[in-house]
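The values are calculated or read from the model by the stated rules, or taken from the named source; none is laboratory data. It should be emphasised that the depicted structure is a prediction, and the values quoted were computed from it without experimental measurement. All Cβ positions, even for glycine, are placed from backbone atoms using ideal geometry, and neighbour counts span all protein chains on display. These area figures cover heavy atoms from the full protein model, side chains too; ligands, DNA and RNA do not enter into them. Shrake-Rupley method; radii C 1.70, N 1.55, O 1.52, S 1.80 Å.
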Amino acid sequence: MHNVINKTQAVRIAIMGAGLIGERHARLAEVHPDVELAAIIDPDPKKSTLAAELNCGHFNSLTDIAPNICDAVVIATPNSDHLKSGLQCLEMGLPCLIEKPIADTVENAEKLAVAFENQNIPLLIGHHRRYHHFSTRAKDIIEKNKLGRPILASIIWAVRKPDSYFKQGVWRTKSDGGPLLINFIHEADLLLYIFGKVINVQATTSNRQRKQSVEDTAAIILTFETGVIATVVLSDTALTPWSFEGACGENPNIAETGISSWRIGCTEGAFDFPNLNIWTDSENGIGDWSRKLKSQTQQVSQVDPLYDQLSHFVELIRGTAKKPICSGRDGLEALRLVEWIKRSADTSHFSNADVTSPLDIKKRLA
């Protein structure tokens, strides 16, 4: 059990891992009125410059920190480190905000989720898109059938990552560094959040462009328990205006385009996402293909999702919020979906030259 912090006290938070996302967490913690940035934990000696700028301590590892220097930890290290660092924090009774994905494998994710549950210590997973108001609005449209029964979704996430991105972190060229685990994991969480349980997956991947050991492009078909079918195409090698980050401008490293990357179709209307441009029958009926459509945009207030996520983390630590917006179990399910997609893609990687009959195909897929 962790120590509950008084509402009048600033929550002392250490940031473990000061890469692209870790530095953003650190800078937000430094300006948040309810947070004291206690330390930056990173073995890179160059990170001492950032710590000095933000007026906090710099440590090589969590074990180097003196007892009682922090109340909680944000873990923004490479995926393969999440289990080790998370369990280390748990031993010290420290609540954690773990960047997505929760871990590098489903097995490790389950260990983390169960361990924090058993100790009754707060665990929040960094699927920050849930804090956008347009995300909760989209969920409301679907759950309440405001445009009739949901039928389909079409999603594109396609950007061209610069070469420097891979040079800054060689782990991004390995098995847990591709766009499925780094980028689609966000879409996976939102898809589960908005549409519910997935019951069938078909997928294929390619590494033809970058020729690294991990995929750079993927195509996915998902069938949900509700009957919704979603198609997803993603790539970190294609220069396009279609990405969630580009649509809403939430990431300073990705140029804003204002163009939605999701299209969602229902029996009585459709909308794009995250912009929430809604199309319905021009005569306010059920409509069909012979009648014109009218459109309107639902307005929602803009937020900084990482800042609101940090505020929610503070509430969990103080005990004023009883349930995490994105729990360890939620993070586990998003990762489980990605692993399912990877397995499906593995079974699809053979050509016509590899088979001689439909029976051979069935044997390959068995």
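Rundown of residues vs (1) farther than 24 Å from Arg12 by Cα; (2) touching a Cys at 6+ places or on another chain (Cβ under 9 Å); (3) free of Cβ contacts under 8 Å to residues at least 40 places away in the same chain, yes/no style:
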site	(1), (2), (3)
Cys96	no, yes, yes
Glu99	no, no, no
Thr105	yes, no, no
Asn108	yes, no, yes
Lys111	yes, no, yes
Ile121	no, yes, no
Ile125	no, yes, no
His133	yes, no, no
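Within the bounds of segment 10-20, is there any residue that is of a type outside the set (Asp, Glu), open to solvent by 20 Å² or more (accessible area, probe 1.4 Å), assigned to a loop (DSSP other than H, G, I, E, B) and in contact with a strand residue (DSSP E or B) (Cβ under 9 Å, 6 or more places away or on another chain)? Yes, because at least one residue in segment 10-20 is of a type outside the set (Asp, Glu), open to solvent by 20 Å² or more (accessible area, probe 1.4 Å), assigned to a loop (DSSP other than H, G, I, E, B) and in contact with a strand residue (DSSP E or B) (Cβ under 9 Å, 6 or more places away or on another chain).
Is at least one residue of segment 112-124 touching a Phe, Trp or Tyr at 6+ places or on another chain (Cβ under 8 Å) and not aliphatic (A, V, I, L, M)? Looking for residues that are touching a Phe, Trp or Tyr at 6+ places or on another chain (Cβ under 8 Å) and not aliphatic (A, V, I, L, M), one finds at least one in segment 112-124, hence yes. The condition (being among the charged types (D, E, K, R) and within 26 Å of Gly227 (Cβ to Cβ)) is satisfied by just one residue among Asp272, Asp308, Asp304: Asp272. Can you tell me how many residues in segment 312-342 are in contact (Cβ under 8 Å) with a residue 12 or more places away in the chain, charged (D, E, K, R) and open to solvent by 70 Å² or more (accessible area, probe 1.4 Å)? Number of matching residues: 3.
All of Trp289, Trp262 fail the test of being under 28 Å from the mean Cα position of the chain (by Cα) and at pLDDT 95 or above, apart from Trp262. The set of residues in segment 158-184 that are buried (at least 20 other Cβ atoms within 10 Å of the Cβ), of a type outside the set (A, V, I, L, M, F, W, C) and outside any helix (DSSP H, G or I) comprises Gly177, Gly178.
Within the set Thr240, Thr231, Thr257, the sole residue that is part of a strand (DSSP E or B), at pLDDT 95 or above and of a type in the set (Ser, Thr, Tyr) turns out to be Thr231. Glu53 satisfies every condition listed in (1) open to solvent by 80 Å² or more (accessible area, probe 1.4 Å); (2) of a type outside the set (Phe, Trp, Tyr); (3) at pLDDT below 95 except (3).
Restricting the search to segment 94-121, which residues are part of a loop (DSSP other than H, G, I, E, B) and open to solvent by 20 Å² or more (accessible area, probe 1.4 Å)? Scanning segment 94-121 gives Lys100, Asp104, Thr105, Asn120. Taken together, the criteria place Val170 among residues that are modelled with pLDDT under 95, among the hydrophobic types (A, V, I, L, M, F, W, C) and out of contact with any helix residue (DSSP H, G or I) (no Cβ under 9 Å at 6 or more places or on another chain).
Residue by residue, here is whether (1) open to solvent by less than 30 Å² (accessible area, probe 1.4 Å); (2) of a type in the set (Ser, Thr, Tyr); (3) part of a loop (DSSP other than H, G, I, E, B); (4) more than 22 Å from Arg329 (Cβ to Cβ) holds:
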| position | (1), (2), (3), (4) |
| --- | --- |
| Leu152 | no, no, no, yes |
| Ile156 | no, no, no, yes |
| His186 | yes, no, no, no |
| Arg210 | no, no, yes, yes |
| Ala219 | no, no, no, yes |
| Thr226 | no, yes, yes, no |
